[in-house]
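The values are calculated or read from the model by the stated rules, or taken from the named source; none is laboratory data. Just so it is clear, the structure is predicted and the values come from calculations on it, not from any experiment. Because the Cβ atoms are built from the backbone with ideal geometry, glycine has one as well, and the counts that use them run over all protein chains shown.
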Amino acid sequence: MTMTTPSATVDHTTAEEEEEAEGELALSAVAGLRVNAEKEDEEDADVHLSSDILEHVFSWLELPDLVRCSQVCYMWRKVVLGTDALWQHLVARSEYFHREQIRDLADYPPLDGMRRWCGRSTAKHIGLVRHLTRVENNWRQGRCSITRHPLGSGAVTAAILLGEFLIVGTTAGTVVVCDQSSLEIVNHLQEAEEEITALAAAHTSTGNFLVTASEDALVRVYDCREWGVIALVAHDAGLVSVAVADRYIISGDDRGVIKVSDVHTGLTLATTVAHQAEVNRILCTPNGFFTTSWDGQVKLWSLLSHASTPSSHTVSTNTHRLVLMNAQHAHAEGVFASACAGAVLATGGGDACVCVFDPETGDLWRRLVGHQAEVYCVDTNGTSIASGDARSEVFVWDARTGICLHRLGSHIGVVRHVQFTGTRLVTGGDHRRLVIWDSTTGQRMHTVHRQPILLKSFLVNADRILVVGTDWPGIVSVSYTPRPPPPPPQQQQQQQQQQQQQQQQQQQQQQQQQQQQQQQQQQQQQQQQQQQQQQQPQRCLRDDDERQEARRERSGVIQELR
């Protein structure tokens with residue numbers, strides 16, 4: 001983390017307008033070309049535009065328009081289905097592409113009937129686009145399946161996604177590592193003696209690391225390859241929050257103290273009393289990190305190796321300086337929630353206000369007023385801000401102007417968590433209910449009724465909502481993955497025949513196993529009989545010897561008596 005001078009704000013309106021104008025020009029060009037293609041023969045249409053020009057024009061189209069263009073003429077179909085870059089572009093523009101690690105293309109088989117039009121890679125990208133489209137339709141139509149996955153180690157207190165893993169912290173001090181796709185338990189990390197309060201992920205050049213904070217005043221760093229503890233950071237009080245920036249760990253405890261430590265060694269680089277109450281949230285930015293607290297303050301810090309500005313408050317160690325760049329008493333009561341994305345940092349507090357800050361300088365831009373109760377959750381996607389309060393209301397604000405775009409009210413009780421995911425907004429509250437909204441129009445898409453736990457928070461990825469609660473030791477998965485279609489009758493008959501053959505093979509194997517067991521038993525019986533037959537003559541000889549000895553003894557006794 002290094003301090004940089006605040007750069008002047010750049011107006012992107014011109015670039016956006018030019019991009020929109022170019023897109024509209026491409027659409028109008030497609031409309032005109034389509035009319036000409038319909039009027040003229042296919043051979044004449046092929047002459048007008050080369051495949052390079054068509055590819056450039058088609059790259060501006062969305063999926064429905066691209067599919068329509070493939071139905072105009074042979075040349076257009078050949079360009080659309082034979083250009084891998086078009087489908088790669090559609091995948092890259094997917095609203096979840098930056099949020100989720102999409103599975104390997106090997107998991108998506110080529111679509112039937114595409115070999116004559118496109119190569120194997122293009123067919124796989126088309127299959128991926130089809131999968132994402134089906135997931136999007138399931139989101140909009142509310143087609144989902146709900147499953148429970150118990151963990152059996154205390155109620156969940158924190159959860160994060162780390163690569164292919166879902167990491168969960170519990171009240172029992174256990175960290176449970178699950179496979180993100182199947183939610184099967186991979187590992188149990190039982191190191192903490194008290195409740196896990198916060199989790200963070202560290203991505204460095206040497207690998208991925210998991211950072212945990214707990215009420216036993218210790219920060220633990222785990223190597224994600226062997227899941228062993230490689231570093232410890234000790235506080236004098238229970239930990240509340242933790243975050244990772246580059247190779248630095250920032251941790252805050254319930255006495256208002258923050259520490260900056262090295263992620264590989266656990267060495268404390270700087271420490272200071274940051275707030276008069278517990279540090280309940282730490283947010284990292286390119287220029288440093290923000291801390292929020294129950295004292296209502298929002299502060300911007302930076303860890304520097306050179307002199308700070310004269311107005312800054314500096315806490316020095318041997319090698320580093322922790323510099324307070326800005327401090328804002330933004331809320332009259334405690335800060336309950338905070339979120340940062342792009343050029344927007346938003347906080348919600350007990351004074352029923354939402355405050356918007358500049359992440360680069362820490363300056364308070366504006367105060368959004370409209371809530372009539374405490375704001376318990378907030379999220380932002382860089383252009384909009386969503387906030388939920390204790391009176392069951394959710395507000396959607398324009399981050400640039402501060403205007404309230406939508407006022408949503410389908411909850412009963414406190415709204416505990418809100419999260420943007422592409423063009424959707426997912427909200428959850430106390431009444432065991434999840435609501436999915438269209439964040440652009442404010443329309444409710446559907447409601448997941450009576451999810452079976454008391455909601456604490458949730459994680460949203462491309463095709464699933466992972467819900468954690470305070471009253472059940474496990475995770476609830478709300479999946480929007482499309483179910484595979486039923487096979488045609490011929491395939492069903494083939495599958496039934498294959499199943500019958502497999503059953504017959506299993507029966508034959510069982511019969512063979514039974515015959516082998518019977519043969520083994522017969523062999524054992526024969527061996528026992530042979531042993532008994534061999535032992536009988538020996539027993540007879542021993543009996544004769546014993547009788548002769550007894551006679552000798554008796555005869556000797558009789559002679560003595562005589």
Note on S205: of the conditions (1) within 30 Å of P64 (Cβ to Cβ); (2) outside the structural domain of L86 (by the TED database), unmet is (1)
Before we move on, is I160 under 14 Å from the mean Cα position of the chain (by Cα) and not in a helix (DSSP H, G or I)? yes
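For the structure I just gave you, tell me whether T380 is polar (S, T, N, Q), within 22 Å of Q443 (Cβ to Cβ) and out of contact with any Ser or Thr (no Cβ under 8 Å at 6 or more places or on another chain). Lay out the reasoning, then the answer.
Working: polar (S, T, N, Q): yes; within 22 Å of Q443 (Cβ to Cβ): yes; out of contact with any Ser or Thr (no Cβ under 8 Å at 6 or more places or on another chain): yes.
Answer is yes for this residue.
Please go through the range 254-301 and pick out each residue that is touching a Lys or Arg at 6+ places or on another chain (Cβ under 6 Å), assigned to a strand (DSSP E or B) and buried (at least 21 other Cβ atoms within 10 Å of the Cβ).
Answer for the range 254-301, where residues must be touching a Lys or Arg at 6+ places or on another chain (Cβ under 6 Å), assigned to a strand (DSSP E or B) and buried (at least 21 other Cβ atoms within 10 Å of the Cβ): T291, T292.
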With (1) hydroxyl-bearing (S, T, Y); (2) assigned to a strand (DSSP E or B); (3) surrounded by fewer than 21 Cβ atoms within 10 Å (Cβ to Cβ) as the list, and T401 as the residue in question, which single condition is left unmet? (2)
For the range 118-135, check the following and say yes or no: at least one residue is at pLDDT below 80, in a loop (DSSP other than H, G, I, E, B) and touching a Gly at 6+ places or on another chain (Cβ under 6 Å). yes
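Return yes when I436 is assigned to a loop (DSSP other than H, G, I, E, B), over 18 Å from A339 (Cβ atoms) and of a type in the set (A, V, I, L, M, F, W, C) and no when it is not.
Details: assigned to a loop (DSSP other than H, G, I, E, B): no; over 18 Å from A339 (Cβ atoms): yes; of a type in the set (A, V, I, L, M, F, W, C): yes.
It is false that I436 is assigned to a loop (DSSP other than H, G, I, E, B), over 18 Å from A339 (Cβ atoms) and of a type in the set (A, V, I, L, M, F, W, C).
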Within the range 165-210, can you find the residues that are in contact (Cβ under 8 Å) with a residue 12 or more places away in the chain, closer than 23 Å to D463 by Cα and in a loop (DSSP other than H, G, I, E, B)? Q180, S181, L183
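Look through Q419, Q451, Q443 and report the one residue that is at pLDDT 90 or above and either in contact with a Pro (Cβ under 7 Å, 6 or more places away or on another chain) or over 24 Å from T347 (Cβ atoms) (or both). I'd like the intermediate steps shown before the answer.
Working: Q419 fails: either in contact with a Pro (Cβ under 7 Å, 6 or more places away or on another chain) or over 24 Å from T347 (Cβ atoms) (or both); Q451 fails: at pLDDT 90 or above.
Among Q419, Q451, Q443, only Q443 is at pLDDT 90 or above and either in contact with a Pro (Cβ under 7 Å, 6 or more places away or on another chain) or over 24 Å from T347 (Cβ atoms) (or both).
Among the residues of the range 70-80 satisfying the criterion of being under 15 Å from D52 (Cα atoms) and within 37 Å of the chain's Cα centre (by Cα), which is surrounded by the most Cβ atoms within 10 Å (Cβ to Cβ)? It would help to see each step written out before you state the result.
Residues of the range 70-80 that are under 15 Å from D52 (Cα atoms), as a first pass: 75-80.
Filter once more, so that each one left must be within 37 Å of the chain's Cα centre (by Cα): 79-80.
Values: V79: 22, V80: 25.
Out of the qualifying residues, it is V80.
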Test result for V175, modelled with pLDDT of 75 or more, β-branched (V, I, T) and farther than 30 Å from S477 by Cα: no
Tally the residues that are in contact (Cβ under 8 Å) with a residue 40 or more places away in the chain and either in contact with a Lys or Arg (Cβ under 8 Å, 6 or more places away or on another chain) or closer than 14 Å to K259 by Cβ (or both), restricting the search to the range 211-221. 5
Can you pull out every residue in the range 192-238 that is surrounded by fewer than 19 Cβ atoms within 10 Å (Cβ to Cβ), of a type in the set (D, E) and either at pLDDT 90 or above or more than 22 Å from the chain's Cα centre (by Cα) (or both)? E193, E194, D216, D223, D236
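Could you pull out the residue among T440, T401, T470, T427 that is without any contact (Cβ under 8 Å) to a residue 24 or more places away in the chain and within 25 Å of the chain's Cα centre (by Cα)?
Working: T401 fails: within 25 Å of the chain's Cα centre (by Cα); T470 fails: without any contact (Cβ under 8 Å) to a residue 24 or more places away in the chain; T427 fails: without any contact (Cβ under 8 Å) to a residue 24 or more places away in the chain.
T440 is the lone residue from the list that is without any contact (Cβ under 8 Å) to a residue 24 or more places away in the chain and within 25 Å of the chain's Cα centre (by Cα).
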Checking the structure you have, find out if any residue of the range 136-157 is modelled with pLDDT of 85 or more, crowded, with 19+ Cβ neighbours inside 10 Å and either under 14 Å from Q88 (Cβ atoms) or within 17 Å of the chain's Cα centre (by Cα) (or both). yes
Positions within the range 222-253 being free of Cβ contacts under 8 Å to residues at least 24 places away in the same chain and part of a loop (DSSP other than H, G, I, E, B), in sequence order: R225, E226, G228, D236, A237
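With respect to E194, determine if the residue is farther than 22 Å from V260 by Cβ and in contact with an Asp or Glu (Cβ under 9 Å, 6 or more places away or on another chain).
Considered against the rule, which asks whether it is farther than 22 Å from V260 by Cβ and in contact with an Asp or Glu (Cβ under 9 Å, 6 or more places away or on another chain), E194 comes out as yes.
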Would you mind stating whether E226 is closer than 23 Å to D253 by Cα and acidic (D, E)? no
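Does S251 meet the test of being in the same structural domain as A200 (by the TED database), modelled with pLDDT of 95 or more and crowded, with 16+ Cβ neighbours inside 10 Å? Can you show your working first?
Values: in the same structural domain as A200 (by the TED database): yes; modelled with pLDDT of 95 or more: yes; crowded, with 16+ Cβ neighbours inside 10 Å: yes.
Yes: the conditions hold for S251.
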